[in-house]
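Read-outs throughout are calculated quantities, based only on the coordinates presented, and are distinct from any laboratory measurement. Just so you know, these numbers come straight off a predicted model, no measurement behind them. We place every Cβ from the backbone using ideal geometry, glycine too, and count neighbours over all the protein chains shown.
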């Protein structure tokens, strides 16, 4: 399941074992709602958040909110100095078709 902050709230989806935040939530409350999806009905799970240097302030605020330091891991071989690349909007329809074709070929 892929969800935005708007659709993530109020949805009760069972058995979510992992939450991957591709962007840092804007507020500590948003973070709590996102990762709380793994803790429904006494279950547990894992939450991962991709963090950039620009996210440092929010990251520290989250640590203060939860009361402990979160582990940080750097990916070996990843170029952290490379500029961000935005895809042109015209590329999105082709990406969606490729994704749908790949899912159907796997029987998903």
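Structure values in brief
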{"read-out": "Sequence ranges 24-35, 52-63, ranked by mean other-Cβ count within 10 angstrom, highest first", "value": "24-35, 52-63"}
{"read-out": "Within segment 56-87, backbone nitrogen closer than 18 Å to the virtual label 7 Å beyond the Cα of residue 98 toward Cβ", "value": "85-87"}
{"read-out": "Gained length - residue 23 relative to residue 66, 0.36 nm times residue gap less alpha-carbon distance", "value": "13.6 nm"}
